[in-house]
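Sharing a structure below in structure tokens format, with a few things to ask.
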Amino acid sequence: MTRSSRPSGPHTIRLVCAVAAAGALLTGCGSDNADSTAQPEKNAVPSRAVPASAPASPSGRLTMDQIKRKALIPAAKVGYEEALRAAVAAAPNSEPIAAELKGTPSNPYWETAVAASDGTVHSVRVDAVSGKVNQSFTESDDAYDKKRLAARLAKATVTAQQAAQTATEKTKGTVSSLELGDADNGNDKVAWSVDVVTTDDWYKTTYEIDATNRKVLHVDVDTD
């Protein structure tokens, strides 16, 4: 469950996570004309929040990804925080490293991952309606992966909740995914990747947030 960018499957969540969509309704195929806004690391954190809404598509119609988000997100009665609490309870002496809302409108769930200080990862599936744990197992990562994750955990002083709060202060919406991993620009930085979906237009904004100081390193708005 290690990621240099973003893990996949339970490994996706390993944040080491965010997760590709396995029947997932959040990360789908979109058009190649996505509008994005990038914020270089050297710039200070934006003084103004990223707009909650991006310009409507010329046709005024929702894309396939927007339709999927619109169907899945309202179906989840349990948010990422409750899902992570359930995951930690299922694997004591661990801390959250990833969560992603997946499934279908009739069966939404959170694919989460928590890790012990030695880098041992537990994947925990939490029902997004009842909040109950449906599945929990220990990942069989090799010694190298565990060592890398343990190093990330030792560096990270920003929690999953704090990273999500930083993101939602910039863009008001619903957190659909978050993951701890290496920063995209390298330099041995550890960062949280947080996806926020705005429910007025169903766009997804991804924030990369420094896991040591909560600084916003990068912002990308997916209008697909």
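Working carefully through the options Val129, Val114, find the one that is out of contact with any Ser or Thr (no Cβ under 6 Å at 6 or more places or on another chain) and of a type in the set (Val, Ile, Thr). Write out each step before concluding.
Working: Val114 fails: out of contact with any Ser or Thr (no Cβ under 6 Å at 6 or more places or on another chain).
Sole residue among the options that is out of contact with any Ser or Thr (no Cβ under 6 Å at 6 or more places or on another chain) and of a type in the set (Val, Ile, Thr): Val129.
Still on this structure, please answer the following. Can you name every residue in segment 175-205 that is among the β-branched types (Val, Ile, Thr) and surrounded by fewer than 21 Cβ atoms within 10 Å (Cβ to Cβ)?
The initial filter retains those residues of segment 175-205 that are among the β-branched types (Val, Ile, Thr), namely 175, 190, 194, 196-199, 205.
Answer for segment 175-205, where residues must be among the β-branched types (Val, Ile, Thr) and surrounded by fewer than 21 Cβ atoms within 10 Å (Cβ to Cβ): Val190, Thr198, Thr199.
Could you grab the pairs with beta carbons closer than 8 Å, sequence gap of 6+ or different chains, first residue in segment 81-101 and more than 17 Å from Ala156 (Cβ to Cβ), second one modelled with pLDDT of 95 or more and of a type in the set (Lys, Arg)?
Ala86/Lys132
Would you be able to tell me the number of residues in segment 149-169 that are under 30 Å from Lys70 (Cβ atoms), open to solvent by 50 Å² or more (accessible area, probe 1.4 Å) and part of a helix (DSSP H, G or I)?
Selection size over segment 149-169: 4.
The values are calculated or read from the model by the stated rules, or taken from the named source; none is laboratory data. Just so it is clear, the structure is predicted and the values come from calculations on it, not from any experiment. Please note: Cβ atoms are built from the backbone with ideal geometry, for glycine as well, and neighbour counts cover all protein chains shown. These accessible areas exclude ligands, DNA and RNA; they are computed on the full protein's heavy atoms, side chains included. Shrake-Rupley method; radii C 1.70, N 1.55, O 1.52, S 1.80 Å.
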